[in-house]
Each structure stands twice: as structure tokens, then as C-alpha cells.
Amino acid sequence: MLKIKVILISVICLLINTPALIAQTIPIHGKVIGADDLENIHVINKTSKIFTITNSSGEFDIHVKLNDTLVFSSIQYSNLEVIIDDLVVLNKELEVNLEEYVNALDEVVVGKILTGNLMLDVGNSTAEPEINFYDVGIPGYKGKTKTQAERRLHEATTGGGIVALNPLLNAISGRTKMLKRHIALERNDELIHKIRQRLAQDFLSEHPIDESKQMDFWYFCSDDTDFMNRCKDKSDIEILAFLNEKYVQYLANIKSDE
């Protein structure tokens, strides 16, 4: 009986590796396993240029063939590439484990090192409790710290005194409009930086741009008037669609300049 099973498995493996089946596209059912939210994780077949997303349980269905490359991409998990092998084609099932994405800084040791011994560490620690403004009778702001441009805009639009002249004068001079533009640029820079960190490697591998012009391309994207609407809080697929459009425009601009 064991011999028959071995022969059957060998025949199946031989059939799977025949040229006809290597080129055959089949549907598979997959499941993503992770520590956090499993919904809306992008599953991209880089080989055939198709994609899907996972449901609330981390499950998905997609068409593949032998040796296709699947890319699993999301904000909360590190990107993962999986190559479709014989077993996936045979079982028509795939299960992947994703690692949570942690943007960690290099470890830096400053001052005294704590040992883990509570009594020793209490004596060695130089930490002081955070000052609470309300404990000393001084009202303080505990919200998100404003950037310099945001502080200037707040001052320009609120003013002070019995008659607040600052807002009127700044509106007439155009300073308020300039400050709002400055804040918008700050937010655009922050968003394009995050997009570059997450998508630049994959995007540029399929959309070649001379290295000396790559930063210019990203600024070209962020300078689009519709940039925030198209990219803020959007999925990677939606952002990539926007980048594809800007790539075509950017190449056309370079060609016209030449």
C-alpha cells in the first residue's frame, strides 16, 4: 500500500511539472496570519499583474501559476514575497505568516545602565517625574505640539488685545495665505516621505528613473494639487495608481524638455 502511495505522489509531481501545467493558471484560496488587523491586506501577483485584498478573517482568493511571485503588502505588516511552488499548485491553498512592521531606531545607551535589580536601579536612576503644569497652578497645553508654521498661522489668525488687528492685517497682506501654503507643503513632504519608505523600491524596480532624477520625481508627485486627496489614508493600490499616472506625465515632461 505504501509503495502505491509513493508511486501516485511521484506521478502527481511529474504531472505538475509538465510544461502544460506550468503555464496553466489556477485559482487558489489563501489565508494570512498576523498579530493585528487582517482585513484589506494587498495580495499582488507580480508575475501576472493582478491583485486582490484579504477579508476580515485574512482570507483571499487569487489566480496563480507555478513560479508566480505573490507580494503581501500593508501598512501594519512588513512586505513579504512568496513564490508559488508545487505544493500550492497541488493543494490550491496557501497560508502565510506576516511580521508586524516596526520602524525601530538604533539602540543608543545614554548615562547609567539599569541592571534589572529594582533596588539597585532605583538608586542608579537619574529620571525625574514629568512636570504637571496643573500641579503648580499654571495652566498648560498637553495636546500635540504644533510645528513652527502652525504656531505662526495660529498667531496670524487669532491676534490679541481688545481688538485683534493681526488677522485683518495678515489677511490683507497675504501672510495668512502664505502660512497656510507652508503648512500644506510640510504635510505633503511628510506624506511623500512615508510613501517613499513603503513603496519606492517596488515602484522604481518596474518604473525606472535615472537616480539623479528620482527625488525630483517624488517632489513632482507631491506638488500635484490632488496629491493629498489621492494618497492620504488610501490603500497602496490606490497610491500606486496615482504614481503610475504621475510617472507617465513626468517622462513626458522630460521628453519635451529634451
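The values are calculated or read from the model by the stated rules, or taken from the named source; none is laboratory data. Since the model is a prediction, treat every value here as computed from it, not as a measurement. Neighbour counts run over all protein chains shown; Cβ positions are idealised from the backbone, glycine included. Just the protein is used for accessible areas: all its heavy atoms, side chains included, with ligands, DNA and RNA removed. Shrake-Rupley method; radii C 1.70, N 1.55, O 1.52, S 1.80 Å.
One table, with the values for the structure above:
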item: Sites residue 26 and residue 224 - FRET efficiency at Förster radius 45 Å, r taken between beta-carbons, to 0.05; result: 0.65
item: Accessible solvent surface per residue of segment 207-258, calculated while the other protein chains remain in place, 1.4 angstrom probe, Å²; result: 63
item: Segment residue 194-residue 40, extension gain: residue separation times 0.36 nm, minus the distance between their alpha carbons; result: 53.6 nm
item: Solvent-accessible surface ranking, highest first, for 83, 53 at 1.4 angstrom; result: 83, 53
item: Too-long pairs where the Cα-Cα distance tops 30 Å, listed order kept, from 92/246; 65/232; 46/234; result: 92/246; 65/232
item: Heavy atoms of residue 256 accessible to a 1.4 Å probe, total area in Å² rounded to 10; result: 90
item: Two-site label geometry, residue 245 and residue 213: point separation in nm, points 7 Å out along Cα→Cβ; result: 2.1
item: Exposure of residue 202 as accessible area (Å², to 10), given a probe of 1.4 Å and all protein chains; result: 60
item: Probe 1.4 Å, all protein chains present, accessible-area order of 54, 25, 225, 69, largest first; result: 225, 25, 69, 54
item: Computed E for residue 80/residue 186 - FRET, C-beta separation, R0 35 angstrom, nearest 0.05; result: 0.60
item: Residue 95 versus residue 50: modelled label distance in nm, points set 7 Å from Cα along the beta carbon direction; result: 2.5
